[in-house]
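Here's the structure, in structure tokens; my notes come after.
The values are calculated or read from the model by the stated rules, or taken from the named source; none is laboratory data. It should be emphasised that the depicted structure is a prediction, and the values quoted were computed from it without experimental measurement. Note that each Cβ is placed from the backbone with ideal geometry, even for glycine, and that neighbours are counted across all protein chains shown.
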Amino acid sequence: MTERSADQMYVIIAGAGKVGWNLARELIAKDREVTLIESDHRRFRVVAEELEHCVQYGDATELWVLERAGIQRADLVIAVTGDDEDNILICQVAKEKYGCGRIVARVNNPRNLAHFKTLGVQPAVSATDLILRLIEHEVPEYGLIQLLALEEEHLEIIELEVGEGSEVADRRVSEVILPEGSLIISILREGHGFVPRADSVIRAGDQVLMILDPGLESSITPRFAPSGSEISAGR
Amino acid sequence: MFILIVGAGRVGSAVAKRALDAGHEVSVLDADPLSHERLDKDQMVSWEDAGGRFTVGAALEVDGLIEAGIERADVFLAATSGDNTNLVIAQLAQRRFKVPRVVVRVADPARAAWYAEQGLHTICPTQHAIDEAERVVLAR
């Protein structure tokens, strides 16, 4: 055992699939202390050839396996097995039984996302969802991209493109009327971002970052839609 | 009472048949259509003719649980072959669907004990086997 400094972060990762293995590699490269847990013995042997003592063999849903890995002193537990039930329970136990402050769970089937929330396992990351968001990022007609949802805090950050001739185009930030609970935090123009002042003028083609209470998107997007578009016509 | 049982294995199907005999309304959900045979075995009439319900569906799929009647269940028994599945669906029954009585089979004694402390009614067959074996083996 090597001596570790008090401020070093200890991370336990359950599941040595592609995601778990690569995560472990990256974190070890960043000098984090990592234990990876894998329940398939053949997979374990393959991964152990590279990661050696940083990987342990066992079923991470079993309490003794987590305890053997030192869950009591873990700062972060990441559950990325191929089973959503396992990921939910590993994180639930880490948080509620062992008081681990930070957890991250992988959602394999997006239809199970609600189960993670119901059982208090947050944040839950779904690769399918992330890819969908990237697709939306590539499809400008969508207009709105959700960059970050802070579930616990009931806030989200979105990115909107200012349409040609839209309600907000060529207006000062102070003149833009937005619903209560929303705020413009940044403007991206020609690849550069800045924090706008009250007298900064929003131009067509700008990307506007906003922070808002979830549910306000539908009342905000029409103001950014190009004139004559379906959204503004239907308003 | 309306009793929903998820998992028609040896335990689930036996409890289902007894509950139906006792005059309760019983609905069974299992991912494997063949599991239905356990409900018909050694019975005079088929499960459905006797008044039972059977739904084919994965335990974690909400649509299947709703079709099987979870929203009006008085009792929920999680008895699939997987501890992890049982613990997740039992907590969903409790927290999301507010089923008044939730019972869950957990083979792992350590987690059965911890989840019992968290307010789930757990049944641990392994613990029963350990206790019984200890009693018999150590008998004088």
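Annotation: of all residues in segment A:122-140 being at pLDDT 85 or above and outside any loop (DSSP other than H, G, I, E, B), the one that is surrounded by the fewest Cβ atoms within 10 Å (Cβ to Cβ) is A:125. Evaluation of residue B:17 against the conditions (1) farther than 23 Å from residue A:116 by Cα; (2) out of contact with any Leu (no Cβ under 9 Å at 6 or more places or on another chain) shows that the sole unmet condition is (2). The condition of being at the interface with chain A (Cβ under 9 Å from one of its Cβ atoms) and part of a helix (DSSP H, G or I) holds for only one of B:89, B:130, B:66, that being B:89. Identification of strands (runs of 3 or more DSSP E) wholly contained in segment A:1-116 with 1 or more residues that are at negative phi and without any contact (Cβ under 8 Å) to a residue 24 or more places away in the chain yields A:33-38, A:55-57, A:102-107. Of everything listed in (1) more than 14 Å from residue A:14 (Cα to Cα); (2) in contact with an Asp or Glu (Cβ under 8 Å, 6 or more places away or on another chain); (3) among the hydrophobic types (A, V, I, L, M, F, W, C), the single unmet condition for residue A:44 is (1). Checking A:144, A:178, A:119 one by one, the residue that is modelled with pLDDT of 85 or more, surrounded by 14 or more Cβ atoms within 10 Å (Cβ to Cβ), of a type in the set (A, V, I, L, M, F, W, C) and under 25 Å from residue A:200 (Cα atoms) is A:178 and no other.
Residue check: residue B:73 meets all listed conditions (1) more than 16 Å from residue B:11 (Cα to Cα); (2) within 14 Å of another protein chain (Cβ to nearest Cβ); (3) surrounded by 14 or more Cβ atoms within 10 Å (Cβ to Cβ) but one, namely (2).
The residue that is surrounded by the most Cβ atoms within 10 Å (Cβ to Cβ), among those in segment B:1-50 that are at pLDDT below 95 and polar (S, T, N, Q), is B:35. Filtered by the rule that a residue be touching a strand residue (DSSP E or B) at 6+ places or on another chain (Cβ under 9 Å), part of a loop (DSSP other than H, G, I, E, B) and free of Cβ contacts under 8 Å to residues at least 24 places away in the same chain, segment B:92-118 gives a lone residue, B:106.
Scanning segment B:102-120 for residues that are closer than 22 Å to residue A:117 by Cα and more than 14 Å from every other protein chain (Cβ to nearest Cβ) gives a single hit, B:103. The one condition from (1) modelled with pLDDT of 75 or more; (2) in contact with a Ser or Thr (Cβ under 8 Å, 6 or more places away or on another chain); (3) surrounded by 13 or more Cβ atoms within 10 Å (Cβ to Cβ); (4) not hydrophobic (A, V, I, L, M, F, W, C) that residue A:199 does not meet is (3).
Here residue B:139 clears all of (1) in a loop (DSSP other than H, G, I, E, B); (2) among the aliphatic types (A, V, I, L, M); (3) touching a strand residue (DSSP E or B) at 6+ places or on another chain (Cβ under 9 Å) except the condition numbered (3). Checking each residue in segment A:85-101 for being of a type in the set (D, E, K, R), more than 7 Å from chain B (Cβ to nearest Cβ) and farther than 12 Å from residue A:122 by Cα picks out only A:96.
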